[in-house]
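So the structure is just underneath, and the comments pick up after that.
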Amino acid sequence: MSTRPLRIVVLGLGPIGRSVAKEIARAPDLRLVGAVDPAPAIAGRDLGSFLSEGSLEGMKVVPDLDALPRRRADVAVHMAASRFLQAVPHLDALIGRGLHVVSTCEEMIAASARWPRECRALDRRARKAGVAVLAAGVNPGFVMDLLPAAMSNICLEVRSVRVTRHVDTSKRRPALQAKTGAGITTAEFRRRAKRNEVGHVGLRDSLLFLMGHLPLEGDVGEERLRPIVAKRPVGKGKRRIEAGRVLGVHHSVKAESPSTGKVVATLELKMAYGLAEPFDEIRIAGDPPLHLRFEGGVSGDRATVGSVLSTIRFTDGAAPGLGG
């Protein structure tokens, strides 16, 4: 383990990226040495002023990697893409700079199953550079994939797994409300769904990861995405959503046994404005049977920040190459 603070560069200063940057600045074992964001409203700003973090005053946000000062860094936190193929050029550039990478790209968790050629190429480059490329996050990254996989390790037999996640987006950032379609019409929801502009990214990837770590055989099907529609007005004032408008999404994906056709794993995600009694739940039918439930659910935004910081600290001893 390193005895000096790990030097970190953050790519992407959206709401969670800003929280990550602030926590890095406050951690005694980490040191923020650079920040990248191409958004015109962010690039060029003083990072300390932008984040209201005095220790970062004088550090400028740059628009791209080429504009980063050539001060030495150890780890890059990549928070700039949800889709794996969009992330590949970023990852490649960071590997080329000799940086370990921690990425919150949602599709990273099962990228080797979906894009094996691209992953092999990244893995070769990362091994040659002596750096680790690791995925981090909560969903994907923990609640619906890593945690149930870990729970199954104590089972002598696993017959089926069901993971359910209900999220009240009224208590989450506006960007998530927009991404889940809060307030739009059902017709607009369908149009955005066809363009992959609404809904959760990574649910099928979570199930691909989970099936790769369970003592079960199952073919992962396609995702099903439906709007959750308000039956009566929800919210107040400018945050009010009228009856008939979309509150959020109901997202699900299943894996079926190739021999029997029986469903052996199900992931179900509801994210909606004003959703009553949010929770996260894992049920494993097996020997022994297991049931874990988080009342109120895992706080996704804060837990993502925690996951990123934990993974940063793990890079110092991680094996080179593309990890999971």
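A few points about this structure:
- Kyte-Doolittle mean at least -1.0 and Cα axial length at least 15 Å: DSSP H helices in the chain: 15-26, 84-96, 300-314
- Beta bridge orientation in the stretch 1-106: antiparallel %, DSSP, nearest 5: 5
- Rounded to the nearest 5, the antiparallel percentage of DSSP beta bridges internal to the chain is 55%.
- Near the amide H of G321, within less than 5 Å, lie the amide hydrogens of R127, V131, A132, V133, all on another chain or at least 5 residues away, with H placed in the peptide plane.
- Estimated inter-spin distance, Q86 and K238, nm [label 7 Å along Cα→Cβ]: 2.6
- Residues whose amide H comes within less than 5 Å of that of L32, counting only those at least five positions distant or on another chain, are I8 (H built at 1.01 Å from N in the peptide plane).
- Around the Cα centre of the stretch 146-297, unit charges on the Cβ atoms of Lys, Arg, Asp and Glu (plus for the first two, minus for the last two) sum to a dipole of about 1180 debye.
- Ordered by the count of other Cβ atoms within 10 Å of each Cβ, fewest first, T311, T180, T185 give T185, T311, T180.
- When the Cα positions of H78, A121, T104 are compared along the charge dipole of the stretch 62-166, A121 comes out farthest toward the positive end, with charges on each C-beta of Lys, Arg, Asp and Glu.
- Prolate/oblate/rounded call for the stretch 204-324, Cα gyration tensor, a/c under 1.5 rounded: oblate
- Burial ordering of R283, R165, R173, fewest other beta-carbon atoms within 10 Å first: R173, R283, R165
- Answer label for Cα extents along the principal axes in Å (calculated), chosen among (i) 93, 46, 33; (ii) 55, 53, 33; (iii) 58, 49, 39: (ii)
- Positive end of the dipole of the chain (Cβ unit charges, origin at the Cα centre): among I284, A135, F189, the Cα lying farthest that way belongs to F189.
- Helical content of the chain, expressed as a calculated mean residue ellipticity at 222 nm, amounts to -8000 deg cm²/dmol (DSSP H runs of 4 or more residues, -39,500 (n - 2.57) each, divided by residue number, nearest 500).
- Fewest-first ranking of E106, E268, using other Cβ atoms within 10 Å as the exposure measure: E268, E106
- For the stretch 232-246, backbone phi angles converted through the Karplus equation (6.51, -1.76, 1.60; θ = phi - 60°) give residue-by-residue couplings of 8, x, 10, x, 9, x, 5, 9, 7, 10, 6, 4, x, 8, 7 Hz, Gly and Pro being listed as x.
Only the coordinates and a few stated rules stand behind these numbers; no lab work does. Everything quoted here is computed from the prediction, not taken from an experiment. Here the Cβ is made from the backbone with ideal geometry for all residues, glycine too, and neighbour counts use every protein chain on show.
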